[in-house]
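Chemist: Take this structure, written in structure tokens, and hold onto it; I'll ask about it next.
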Amino acid sequence: KNEVEQSPQNLTAQEGEFITINCSYSVGISALHWLQQHPGGGIVSLFMLSSGKKKHGRLIATINIQEKHSSLHITASHPRDSAVYICAVSGQTSGSRLTFGEGTQLTVNP
Amino acid sequence: DAGVIQSPRHEVTEMGQEVTLRCKPISGHNSLFWYRQTMMRGLELLIYFNNNVPIDDSGMPEDRFSAKMPNASFSTLKIQPSEPRDSAVYFCASAKGVGYGYTFGSGTRLTVV
């Protein structure tokens, strides 16, 4: 069993839909990261959180430490949101190193 | 700030040749990471440095891989000799330290033929 699991692996939505991507982890963490990777390969850090909720534009990330679960929400989705979204954790004993989920391929159709 | 700068962006080399990938982290960031991304294995950590000192190199595949960080503004990842299975995208990332967010470079796409 992977330490970080994401669902779904693939997600197709229509423009304007509300999107949720889930991440579960099995280790103690110091922080959880949501990353975005567009076709062409660049990786952008969207959020780093260790409790509660963070919002940036149409993106919202939440984390429940007790349940070891995080969600990434996209409101009013747009085709430019099409990308791979990766959940990663930095462990309590592993310092800064990240352990990655397998990613969720999101496609938003116009 | 120009962000994390990696070079080259693309590298095509023949099997057996030496390959050197370069990374310039963001000024003031104390942690530097080398990651490799393949279709089969996704993103995996190769090595990371804290204050120029290698902290964890357990992800380095074998002795053909070596990494150095001679100063706070420069790091190299060397593969010698290269093999086709080393073909991947290699990312460098930096962070201020534990508890801070990451900034990734654009990656180096390596193809070994």
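A short reminder: the numbers here are calculations on the coordinates, not readings from a lab. Just so it is clear, the model here is predicted, and its values are computed rather than measured. Cβ coordinates were reconstructed from backbone atoms using ideal geometry, including for glycine residues, and neighbour counts include every protein chain displayed.
Chemist: Please rank B:35, B:100, B:90, fewest neighbouring Cβ atoms within 10 Å first, as an exposure proxy.
Modeler: B:100, B:90, B:35
Chemist: OK, next. In nanometres, what is the gap between the two model label sites at residue A:2 and residue A:15, each 7 Å from Cα along Cα-to-Cβ?
Modeler: It is 3.1 nm.
Chemist: Normalised by the number of residues in chain B, what is the relative contact order in percent for Cα pairs under 8 Å and 6+ residues apart?
Modeler: Relative contact order of chain B: 38 percent.
Chemist: Within segment B:23-60, find all residues whose amide N lies under 19 Å from a label point positioned 7 Å from the Cα of residue B:74 along Cα-to-beta-carbon.
Modeler: Only B:23-34, B:49-54 fall inside the zone, counting backbone N under 19 Å.
Chemist: Right, another one. Assign unit charges at the C-beta atoms only (+1 for Lys and Arg, -1 for Asp and Glu), then state the dipole size of chain A relative to its Cα centre in Debye, rounded to the nearest 20.
Modeler: Working: 8 positive and 7 negative charges, 64 e Å.
In debye, rounded to 20, chain A gives about 300.
Chemist: Sort B:46-52, B:57-63 by the packing proxy (mean of other Cβ within 10 Å over each peptide's residues), most packed first.
Modeler: In decreasing order of mean packing, B:46-52, B:57-63 become B:46-52, B:57-63.
Chemist: Straight-line reach from residue B:24: which lysines fall under 20 Å, measuring Cα to Cα and dropping same-chain residues less than 8 apart?
Modeler: Within the straight-line limit of under 20 Å, residue B:24 reaches these lysines: B:68, B:78, B:96.
Chemist: Moving on to the next point. Specify whether the C-alpha gyration tensor of chain A places it in the rounded, prolate or oblate class, a ≥ b ≥ c being the square roots of the eigenvalues: rounded for a/c under 1.5, otherwise prolate if a/b is larger than b/c and oblate if not.
Modeler: prolate
Chemist: Here's something else I'd like to know. Cα gyration tensor of the protein assembly as shown, axes a ≥ b ≥ c as square roots of the eigenvalues: rounded (a/c below 1.5), prolate (a/b > b/c) or oblate?
Modeler: Working: a/c = 1.88, a/b = 1.47, b/c = 1.28.
Because a/c hits 1.5 or more and a/b exceeds b/c, the protein assembly as shown counts as prolate.
Chemist: Moving on to the next point. Let me make sure I get this right: for segment A:38-94, a, b and c are the square roots of the gyration tensor eigenvalues over alpha carbons, sorted descending. Under 1.5 in a/c it's rounded, otherwise prolate if a/b > b/c, else oblate. Which is it?
Modeler: Oblate.
Chemist: Roughly how many debye, to the nearest 20, is the charge dipole of segment B:1-100 about its Cα centre, given +1 on each Lys and Arg Cβ, -1 on each Asp and Glu Cβ, and no other charges?
Modeler: 300
Chemist: What percentages, rounded to whole numbers, describe P(r) for chain B computed over all alpha carbon pairs with 5 Å bin width beginning at zero?
Modeler: 2, 13, 24, 27, 19, 10, 4, 1, 0
Chemist: Hey, another quick one. For chain A, what's the relative contact order in percent, using C-alpha pairs closer than 8 Å and at least 6 residues apart?
Modeler: Reported relative contact order: 37 percent.
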